[in-house]
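In what follows, a single structure is set out as structure tokens and then discussed.
FYI, it's all coordinate maths here, none of it is from the lab. Fair warning: this is a prediction, and the values are worked out from it, not measured in the lab. FYI the Cβ positions are ideal-geometry reconstructions off the backbone, even for glycines, and counts take in every protein chain you see.
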Ligand SMILES: NC(=O)c1ccc[n+]([C@@H]2O[C@H](COP(=O)([O-])OP(=O)(O)OC[C@H]3O[C@@H](n4cnc5c(N)ncnc54)[C@H](OP(=O)(O)O)[C@@H]3O)[C@@H](O)[C@H]2O)c1
């Protein structure tokens, strides 16, 4: 009887990279995506179940949980998420709300729905995918920063509440090469137009021109990131935190050690917000 792991957001990126690695390691994988047709190219097998799952849709979550009732579900990876960007004062409330619906409320709703199944197995585990931006904030990414800080807080609280029964692992990647930055580009929406004539116009133009290239240059492969997550999934005693990437490690250290005014100067300078 194999152990199963359910992964959210497997259409692309880290979630997609994790599916074959888990299968190679002997896990059965419930691969999920909003549009399950995006998973049709995964090689079929007894160790794979494909399900539609939109983390913002309660009916979709309940249906996915019901469809896993016959499995020995030992692990859950809450990976689905996207980045909403934009200067806070230009942001529409619905943009902030949508960011939290997916990255925070969806993540907790999926966790709650699958906990009864996880609890049936010995040594169950949940991987909550946060970000290095769950520990520090950068300009122009307020909604995303806030959502990932919330993921950290929810995971730390959950660990205090049920950590002795279910291991709760915070995954904190730095920049990973995935579709994330393309989604991010779409998430700008009409913000550049909204910024016209404001102090953010030049900052946004510069950011759009430079950021993707810079981030991609230092980014880690999705597969390397997924390998680190697999190690936590397989661990006899799963770690509390998995910090992935040199940037996540060193920038986090720098923020902790630097006096706040220096850190803020550095951030403003990096984003042309002087
Ligand atoms: N890439 C990075 O640099 C980085 C760094 C730190 C943390 N992370 C985190 O890592 C996780 C995975 O991101 P990624 O880099 O692999 O980006 P990605 O390639 O854009 O993948 C994101 C996945 O989340 C899914 N998703 C979005 N909204 C959803 C919803 N409502 N319900 C179900 N699935 C949904 C997407 O599905 P669709 O195809 O349907 O949109 C996609 O499968 C995210 O939580 C992200 O915040 C990424």
Tabulated pairs, the stretch 5-26, first touching a residue at least 40 places away in the same chain (Cβ under 8 Å) and on the phi > 0 side of the Ramachandran plot, second assigned to a loop (DSSP other than H, G, I, E, B) and buried (at least 22 other Cβ atoms within 10 Å of the Cβ), C-beta under 9 angstrom, 6+ apart or interchain: 9/53; 9/55; 9/79; 9/80; 9/81; 13/79
Index of the failed condition, residue 242 passing every other in (1) surrounded by 15 or more Cβ atoms within 10 Å (Cβ to Cβ); (2) part of a helix (DSSP H, G or I); (3) within 16 Å of the ligand (Cβ to nearest atom): (2)
Breaking point among (1) surrounded by fewer than 21 Cβ atoms within 10 Å (Cβ to Cβ); (2) farther than 24 Å from residue 57 by Cα; (3) within 12 Å of the ligand (Cβ to nearest atom), for residue 198: (3)
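When you go through 233, 208 one by one, which is the residue that is within 16 Å of the ligand (Cβ to nearest atom), surrounded by 13 or more Cβ atoms within 10 Å (Cβ to Cβ) and more than 15 Å from the chain's Cα centre (by Cα)? Even if it seems obvious, please write down each step before you answer.
Values: 208 fails: within 16 Å of the ligand (Cβ to nearest atom).
Just one listed residue meets the conditions, 233.
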All positions within the stretch 1-21 that are more than 6 Å from the ligand (Cβ to nearest atom) and either farther than 23 Å from residue 115 by Cβ or over 18 Å from the mean Cα position of the chain (by Cα) (or both): 1, 2, 3, 4, 16, 17, 20, 21
Residue in the stretch 78-91 that is in a strand (DSSP E or B), in contact (Cβ under 8 Å) with a residue 60 or more places away in the chain and touching a strand residue (DSSP E or B) at 6+ places or on another chain (Cβ under 6 Å) present: yes
Residue list for the stretch 4-40, filter: over 21 Å from residue 224 (Cα atoms) and in a loop (DSSP other than H, G, I, E, B): 34, 35, 40
The stretch 28-56 - residue that is within 15 Å of residue 114 (Cβ to Cβ) and out of contact with any helix residue (DSSP H, G or I) (no Cβ under 7 Å at 6 or more places or on another chain) and, of those, nearest to the ligand (Cβ to nearest atom): 30
Selection count, the stretch 249-265, where residues are surrounded by 12 or more Cβ atoms within 10 Å (Cβ to Cβ) and without any contact (Cβ under 8 Å) to a residue 60 or more places away in the chain: 6
